[in-house]
Amino acid sequence: MADAVKVPCSNSNFGCDEYITYYQKEKHEKTCMHAPCFCPEDGCSFEGSTASLLNHFVTEHKWSPTNFHYDKAQRISIPRHSLFVLLVGEDQSMFLMVNTCVHIGNALTTVCIRPHESGSCYSSKISAVHRAEGVVGRYLFQMDPHVASSSLHGGVQLGSRFFLLVPRDLVDESTDELTINISIEKIKCAAHQ
């Protein structure tokens, strides 16, 4: 009789149409792909599915997503004081490049936006290069073997173990931008750390 008592998932407002046996509800909700993700912009209280979050970023905050293919380097320019850069994979997975200005330059890290902070299924490589005319240039490289995932609940957590520190002198003074190459790869999902 207890198996006959079914309740809706708490994420029904975000697209989940599952009815779960009442004693399995908590287990289902810990992995439900319809659990909400959150907008990281200060003062914004938006929460919704990943698809609606992408639409929110574009329509409400006028973010321009950079579409990319896995395992291929993508060159992007980031305004030095822009906090976020939105990257969208060929499968519509979303990544946030977080750009933190510090007194010696810019710290860049990447996070995958998804409902649960489960194990990592991605790795990333980020490089920055500055080539002034007549100068060989300097090249910086960072590899994150396990890109963290987050629903962004409570904002962006900057406690990542991996980041690329781009010194101020690699910022293009004419545009006030950093130019980086980023490559994101799908990997076998690692256990939550």
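The values are calculated or read from the model by the stated rules, or taken from the named source; none is laboratory data. Remember, it's a predicted structure, so these values are computed and weren't measured experimentally. Neighbour counts run over all protein chains shown; Cβ positions are idealised from the backbone, glycine included. Note: areas computed on protein heavy atoms with side chains; ligands, DNA, RNA excluded. Shrake-Rupley method; radii C 1.70, N 1.55, O 1.52, S 1.80 Å.
Laid out as a table, the results:
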read-out	value
Exposed-loop-free span, longest in the chain, where trypsin sites (Lys or Arg not before Pro) count as exposed if DSSP calls them loop and at most 15 other C-beta atoms lie within 10 Å	1-61
Distance (nanometres) between label positions extended 7 Å along Cα→Cβ at residue 24 and residue 153	2.2
Residues residue 188 and residue 6, FRET efficiency given R0 of 45 Å [Cβ-Cβ distance, rounded to 0.05]	0.85
Which labelled figure in (1) 37, 17, 13; (2) 22, 19, 19; (3) 30, 28, 18 is semi-axes √(5λ) of the Cα gyration tensor in Å, once derived from the coordinates	(1)
Cys residues of the chain counted as unpaired, since no other Cys beta-carbon is under 4.7 Å	32, 37, 101, 112
Structure-based [θ]222 nm, the chain - -39500 (n - 2.57) summed over DSSP H runs of at least 4, per residue, nearest 500	-2500 deg cm²/dmol
Efficiency of FRET from Cβ geometry, residue 33 and residue 173, R₀ 45 Å, rounded to 0.05	0.50
R0 of 35 Å, Cβ-Cβ distance residue 81-residue 55: FRET efficiency to nearest 0.05	0.90
Tilt relative to the chain, helix 50-60 - C-alpha long axis, 0 to 90 degrees, to 10	50
Per residue solvent-accessible surface (Å²) - the chain, probe of 1.4 Å	57
Solvent-accessible area, 1.4 Å probe, carbon plus sulfur percent, for the stretch 1-90	49
